[in-house]
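What follows is a short report on a single structure.
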Amino acid sequence: MAEEIVARRCATQDLSTGDLARMIALEREYRSTRGIQPAELQATIPVYFVHITDGALGRISVSQRARQIDVLNAAFAPAGISFSHDEGTVVTVDDAGFYRMGHRSLRERQCKSQHQAVDPRHGLNFYTASPGEGLLGWATFPHEMEGDPDMDGVVMLDGTLPEGDSPPYNMGMTAVHEVGHWLGLYHTFQGGCTPLGDEVDDTPAHAAPNYGKPADSQQPHNLCPGAPSGSLCPIHNYMNYVDDDWMNEFTTGQIERMWTQVDMFRPGLLAGTAEAVGLEAVVW
Amino acid sequence: MPVRALCLILDAMVLASGDYPVHPEAVALAGAAHHLQAELEREGGATLTLAAVRDERSAAAVAALQGIAEREVLPLNVEPGASVGLADCPGGAEMAILAARDGKRPLGPGTLRWQLGDQYYGLAETREAGRRLREELGQPVPRTRNPETITGGLVLLPAGTPDETLLRAIYEQPGASWLTLGERAVFYTENGDQEDRLAALPGATRLSYAVHRHRMRVVEGGAPPGAELLHREGGQALVVIPDATDPPGTAWEDVRFRTVR
């Protein structure tokens with residue numbers, strides 16, 4: 001496997017950051033030539049929590065972190081991906097301004113630039129804050145890391161962690177959803193009914209997000225008219241917007257895409273790679 | 001397929017239809033595009049251009065939009081019925097999207113149509129424009145709460161509030177909206193700062209700090225049983241209803257940007 005990864009690393013270097021049009025072709029070529037077999041792959045991703053607080057607001061307990069890791073591990077187990085966490089690495093930043101950072105705001109950049117906890121090539125920077133405006137969380141994509149490593153990671157509304165105060169979004173599934181993005185997945189409704197959708201073959205295109213608990217008995221919901229016969233709207237997929245207790249699946253195609261994206265853009269996460277061998281996650 | 005450089009084109013009838021110098025939906029689209037444009041310039045990763053079809057029907061609306069917008073709206077001189085598309089946009093754009101009210105105008109190569117109100121192949125609501133533009137550009141999109149659970153503030157503006165004040169507010173917050181009951185506009189916004197600014201206008205009245213947009217209805221006469229009266233003007237009342245399977249009256253979304261008497 002190590003030899004194959006060396007070959008892939010060249011492809012990574014050839015790909016300019018954000019070159020999305022080329023990325024699709026490259027990914028297809030990569031899959032056909034590598035013949036990636038996700039079932040044979042395993043990776044453990046170290047998670048570094050960075051809790052932004054405003055006094056007592058935003059504090060996260062040991063139990064919440066442990067349960068969040070459990071939720072991530074359960075969700076990503078079918079993909080062979082697990083998550084680890086060391087309580088000794090938890091960072092708390094008491095800053096009222098950063099606590100309310102908006103998506104892709106100057107505050108977000110300042111906060112991440114000052115408080116990134118781990119080299120993003122080797123671990124996940126998991127920020128919690130309270131962004132407001134109905135936002136539950138966001139992530140950066142793998143292809144963005146090389147060109148903008150400071151911003152890499154996921155940002156979560158603090159109340160979305162298990163035991164949090166944001167029902168029905170307090171079962172830790174926002175983190176599953178955002179880590180899905182961080183590993184290269186788009187929303188299942190990406191692009192609505194126009195090709196190529198989420199660039200995964202086994203998630204039928206649907207027009208827009210589903211919210212709440214859409215009934216299985218009322219399929220196909222907002223499935224696109226051109227969907228293959230018998231398709232169902234992916235109302236239980238982690239990459240949709242349904243309630244936390246309604247999400248429970250990644251498809252095989254999504255798992256393949258995650259591995260391909262990791263192998264192309266986050267090779268340092270793969271156990272056994274040259275980057276990871278003998279190298280604990282590099283903590284700043 | 002996500003692209004690195006996108007051109008959003010507003011068709012003539014998106015700009016010119018309605019009761020205002022420029023249609024509020026066109027202003028919302030422009031606001032969403034320009035906010036994302038500013039973010040992309042700051043954060044990098046992609047580029048976005050906003051253009052507007054200028055013909056004899058839309059020339060005044062394009063000028064009005066340019067007066068409201070804080071960034072460039074590129075005018076495209078296109079004859080009615082002529083095709084429009086990527087070739088009309090500045091060099092470097094990889095794809096164009098035409099926001100249109102119908103499917104009549106032919107599209108040039110490399111161009112996608114967003115028909116407003118079409119939930120499958122268009123744009124069901126202009127408030128989704130920011131998300132959809134991000135998707136086309138391969139930009140991260142935050143997970144959001146169920147819109148039906150989100151509340152906003154409601155402000156009754158004084159009679160004679162200039163159209164420009166309303167349109168600028170929509171440009172600033174593309175998810176905001178208003179309707180006019182009689183002579184006064186009722187403005188809904190999910191941004192607390194904007195709500196406070198509007199409520200501070202002379203003669204303005206705050207009707208609610210937290211109202212569910214999806215539960216607001218306009219009904220004739222008074223509030224039906226179980227509904228909360230927000231405002232009454234003439235024979236029309238704006239009310240909030242509890243969850244109901246057969247709600248009375250007309251939904252806010254169906255009368256927004258219109259005058260009800």
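The values are calculated or read from the model by the stated rules, or taken from the named source; none is laboratory data. Quick caveat, the model's predicted, so the values are computed rather than measured. Don't worry about glycine lacking a Cβ; one is built from the backbone with ideal geometry, like all the others, and counts go over all protein chains shown.
Does segment B:121-142 contain at least one residue that is away from chain A (no Cβ under 11 Å), surrounded by fewer than 17 Cβ atoms within 10 Å (Cβ to Cβ) and closer than 20 Å to B:H23 by Cα? So far as segment B:121-142 goes, no, none of its residues is away from chain A (no Cβ under 11 Å), surrounded by fewer than 17 Cβ atoms within 10 Å (Cβ to Cβ) and closer than 20 Å to B:H23 by Cα. Listed here are the strands (runs of 3 or more DSSP E) enclosed by segment B:3-82 that have at least 3 residues being modelled with pLDDT of 95 or more and under 24 Å from A:G191 (Cα atoms): B:5-10, B:47-54. Only one entry of B:G92, B:G44, B:G67 meets the criterion of being touching a Gly at 6+ places or on another chain (Cβ under 8 Å) and more than 20 Å from B:E128 (Cα to Cα), and that entry is B:G44. In the set (1) more than 23 Å from B:V219 (Cα to Cα); (2) of a type in the set (S, T, N, Q); (3) at pLDDT 95 or above, B:S177 fails one condition alone, (1).
Kindly indicate which of B:V53, B:V78 is over 19 Å from B:E25 (Cα atoms) and either buried (at least 16 other Cβ atoms within 10 Å of the Cβ) or aromatic (F, W, Y) (or both).
Sole residue among the options that is over 19 Å from B:E25 (Cα atoms) and either buried (at least 16 other Cβ atoms within 10 Å of the Cβ) or aromatic (F, W, Y) (or both): B:V78.
A single entry from A:G226, A:G278, A:G272 fulfils the requirement of being within 14 Å of chain B (Cβ to nearest Cβ), modelled with pLDDT under 90, over 20 Å from A:L136 (Cβ atoms) and part of a loop (DSSP other than H, G, I, E, B): A:G226.
Restricted to strands (runs of 3 or more DSSP E) entirely inside segment A:104-179, those with at least 1 residues that are crowded, with 20+ Cβ neighbours inside 10 Å and aromatic (F, W, Y) are A:124-129, A:135-139. Being within 30 Å of A:T194 (Cβ to Cβ), at pLDDT below 95 and within 19 Å of the chain's Cα centre (by Cα) holds for only one residue in B:L123, B:L137, B:L167, B:L133, and it is B:L123. Applying the condition of being at the interface with chain A (Cβ under 8 Å from one of its Cβ atoms) and of a type outside the set (V, I, T) to segment B:143-173 and asking which residue is surrounded by the most Cβ atoms within 10 Å (Cβ to Cβ) yields B:R143.
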